[in-house]
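Colleague: Quick one: this structure, given as C-alpha cells, is what I'll be asking you about.
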Amino acid sequence: MEYVTNRCNWQNSCTVEAKSPVDPCGGIYKYLEVFYTCQPGSCRPGWTWSGGRCFIFDSSQKNWTDAESSCKTLGGHLASFHSTAEYTFIRELIYTAAGSYTPAWVGGRENGTVWMWIDGSQFDFINWAKGEPNNAGGNNCVQINLKGQDYVNDAGCSHQFSFVCVRDP
Ligand SMILES: [Ca+2]
Ligand SMILES: [Ca+2]
C-alpha cells in the first residue's frame, strides 16, 4: 500500500488521477494507484505565484529586521524584485490584499555602502524614486509605496511598515 499524502511537496494545485481502475469482477484485489500531477505555477495557500517564486503580503506593522524574521518563519525572506514587471506585480499584490497601495518593506538593505537583497539575489535592478536614496537620517532599508505612491524609498529600518515576503514554491 502506498500512501499518497504530501506527494506534491505542499503545492496546492494537484490533480488526482486513477492510473489503473479497480477491477470489480476479477476476484483479485487491485488497489487504486493514485498519483498527483502538480501544476506548474502553484504555491502554498495564501501565496501568489510570479516568475517561479511565491509572494505574500503581511499587513502587520514591523520594523525591517522583525519583518525579515517573520518571512524566515514562513520559509522565505523579504521580497526582492528584479524588473519593473516584478515591482509592479508586488505593488498589485499589496493592492489586492490591502485594498490600497499600503507602504511596505521589501528586502533591500544597505550594507555599508552596498545595496543588497536579503534573499541573496543580485541587486541588479532598482527603481528609486526621484531624489532617492536620500539617506535622510541614515536610511538603509528599501520601502515601497511611500504615502501610497509609486515610490521606491530608502527609509529608516526601525520604522514599522507592512511587508512582502518571497519564497520558493
Ligand atoms: Ca543609507
Ligand atoms: Ca529616503
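Colleague: Among the residues of the range 54-64, is any among the polar types (S, T, N, Q), closer than 15 Å to residue 157 by Cα, surrounded by fewer than 17 Cβ atoms within 10 Å (Cβ to Cβ) and touching a residue at least 60 places away in the same chain (Cβ under 8 Å)?
Modeller: The answer is yes; a qualifying residue exists.
Colleague: Moving on to the next point. Is it fair to say residue 102 is of a type in the set (Ser, Thr, Tyr) and within 16 Å of ligand 2 (Cβ to nearest atom)?
Modeller: When the stated conditions are applied, residue 102 does not pass them.
Colleague: Let me ask another. What is the one condition in (1) crowded, with 16+ Cβ neighbours inside 10 Å; (2) more than 16 Å from ligand 2 (Cβ to nearest atom) that residue 73 does not satisfy?
Modeller: In the conditions (1) crowded, with 16+ Cβ neighbours inside 10 Å; (2) more than 16 Å from ligand 2 (Cβ to nearest atom), residue 73 misses (1) alone.
Colleague: Given the residues 129, 104, 155, 136, which is the only one that is among the small types (Gly, Ala, Ser) and under 15 Å from residue 77 (Cβ atoms)?
Modeller: Within the list 129, 104, 155, 136, the selection yields 104.
Colleague: Moving on. Can you tell me which residues in the range 141-158 are out of contact with any helix residue (DSSP H, G or I) (no Cβ under 8 Å at 6 or more places or on another chain) and of a type outside the set (Lys, Arg)?
Modeller: Listed by number, the residues that qualify are 142, 143, 146, 148, 149, 151, 154, 156.
Colleague: What number of residues within the range 133-154 satisfy the criterion of being more than 14 Å from ligand 2 (Cβ to nearest atom) and on the phi < 0 side of the Ramachandran plot?
Modeller: 1
Colleague: Let me ask something else. Look at residue 80 and say whether it is away from ligand 2 (no atom under 13 Å from the Cβ), farther than 24 Å from residue 48 by Cα and of a type in the set (Gly, Ala, Ser).
Modeller: Criteria not met by residue 80.
Colleague: Quick one: in the range 134-159, of everything that is assigned to a loop (DSSP other than H, G, I, E, B) and buried (at least 19 other Cβ atoms within 10 Å of the Cβ), which residue is farthest from ligand 1 (Cβ to nearest atom)?
Modeller: First, pick out the residues of the range 134-159 that are assigned to a loop (DSSP other than H, G, I, E, B): 134-140, 145, 149-151, 156-159.
Still in the running and buried (at least 19 other Cβ atoms within 10 Å of the Cβ): 140, 145, 157.
On the way: 140: 4, 145: 19, 157: 9 Å.
Looking at the filtered set, the residue picked out is 145.
Colleague: Follow-up question, since we're still on this one. Within the set of pairs 6+ apart or on separate chains, which have a first residue in the range 119-143 that is assigned by TED's automatic domain parsing to the domain that holds residue 67, a second that is of a type in the set (Val, Ile, Thr) and surrounded by fewer than 14 Cβ atoms within 10 Å (Cβ to Cβ), and C-beta atoms under 7 Å apart?
Modeller: Close Cβ pairs (under 7 Å, with a partner that is of a type in the set (Val, Ile, Thr) and surrounded by fewer than 14 Cβ atoms within 10 Å (Cβ to Cβ)) amount to 127/84.
Colleague: Which of (1) within 16 Å of ligand 2 (Cβ to nearest atom); (2) farther than 20 Å from residue 69 by Cβ; (3) touching a residue at least 12 places away in the same chain (Cβ under 8 Å) does residue 91 not meet, given it meets every other one?
Modeller: Condition (1) is where residue 91 drops out.
The values are calculated or read from the model by the stated rules, or taken from the named source; none is laboratory data. Values in this document were obtained by computation on a predicted structure and should not be read as measured data. When we count neighbours, we look across all protein chains shown, and the Cβ atoms used for this are built from the backbone with ideal geometry, even at glycine.
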